[in-house]
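The values are calculated or read from the model by the stated rules, or taken from the named source; none is laboratory data. From a predicted model like this one, the values you see are computed outputs, not experimental measurements. No Cβ is skipped: glycine too gets one built from the backbone with ideal geometry, and neighbour counts run over all protein chains shown. Please note that ligands, DNA and RNA were not included when accessible areas were found on the heavy atoms of the full protein model with its side chains. Shrake-Rupley method; radii C 1.70, N 1.55, O 1.52, S 1.80 Å.
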Amino acid sequence: MIKFWQNSSGREKLLVVIATSLLGIFFLWQFAYKPLVNWPKAQERALKQAELDLKIMQKGHLVLQSQSGDTGKLVITMLATADFQTTITRLAKEKGLTISRRQPAGDKELTVWLESTKTTAFYAWVDDLTGKYNISLARVQLNRNDDASVRAQVTFVLGET
């Protein structure tokens, strides 16, 4: 490479320097400047979509309560530790969710991963588990995919029976 550079004429060296400079400017523009400038707009769009999802879920919850004649009295089914993991998996299947990974942490804690699921089905599943059973959420990590689905990591904890 050094020999090539030494054997090049001044004009060739100038052209290589200009081409390298233009390539460097292009990479800086494409992979540094544009993402930094567009990041706040993308985050604002994601926030607006999350707020819209929340409003839809709140309206849907109120509609479901009025249709079911719910008087506000909650009947909680107390699960035994043997039924904890199977109930989570069964309800996920009923809601059309595919659990990609399950990781138990003892008898009373379970972490599940969902790769691509509809937000409404996910929220309905979590609402059923936490509203009808003695199951609570310890941690939830939600990420929106490009196709408006979500990728989630959820840790459930079984309450006292």
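Numbers at a glance
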quantity	calculated
Given charges at Cβ of Lys, Arg, Asp, Glu: the chain dipole, positive-most of Q49, I2, L64	I2
Neighbourhood charge, 12 Å Cβ-Cβ cut-off, centred on D53 and excluding it, Lys, Arg +1 and Asp, Glu -1	+4
Nearby aspartates and glutamates by direct alpha-carbon distance to K132 (threshold 16 angstrom, same-chain neighbours under 8 apart not counted)	D70, D83, E94, E160
Cα-based Rg of the chain normalised by 2.2 N^0.38 Å, two decimals	1.74
Between helix 10-28 and the chain: long-axis angle, C-alpha atoms, 0 to 90°, nearest 10	10 degrees
Karplus-derived 3J(HN,Hα), 6.51/-1.76/1.60, for each residue of the range 128-139, Hz, glycine and proline x	4, 5, 7, x, 9, 10, 7, 10, 10, 8, 9, 8
Accessible area in square angstrom per residue, the chain, 1.4 angstrom probe	73 Å²
Cubic angstrom per residue, convex hull over Cα atoms of the range 83-161	76 Å³
Dipole magnitude of the range 121-161, debye to nearest 20 (Cβ charges: Lys/Arg +1, Asp/Glu -1, about Cα centre)	100 debye
Alpha-carbon Debye profile of the range 1-45, log10 I(q)/I(0) at 0.19, 0.30, 0.32, 0.33 Å⁻¹	-0.67, -0.96, -1.01, -1.03
Distant-in-sequence amide H partners of E109 (H built 1.01 Å from N, under 5 Å)	L158
Rounded percent of accessible protein surface that carbon and sulfur make up, the chain, 1.4 Å probe	60 percent
Cα Rg, Dmax (largest Cα-Cα span) when computed across the range 110-156, Å	10.6, 34
Accessible surface ranking that places the most exposed of F4, F122 first, with a 1.4 angstrom probe	F4, F122
Spatial separation of Cα centroids for the range 111-161 and the range 16-30, in angstrom	46 Å
Within-13-Å neighbourhood charge of T98 [Cβ basis; K, R +1; D, E -1]	+4
Dipole in debye (nearest 20) - the range 36-135, about Cα centre, beta carbon charges: Lys, Arg +1; Asp, Glu -1	240 debye
Exceeding the 31 Å Cα-Cα cut-off - candidates K55/K93; K41/K93; K34/K59; K59/K93	K41/K93; K34/K59
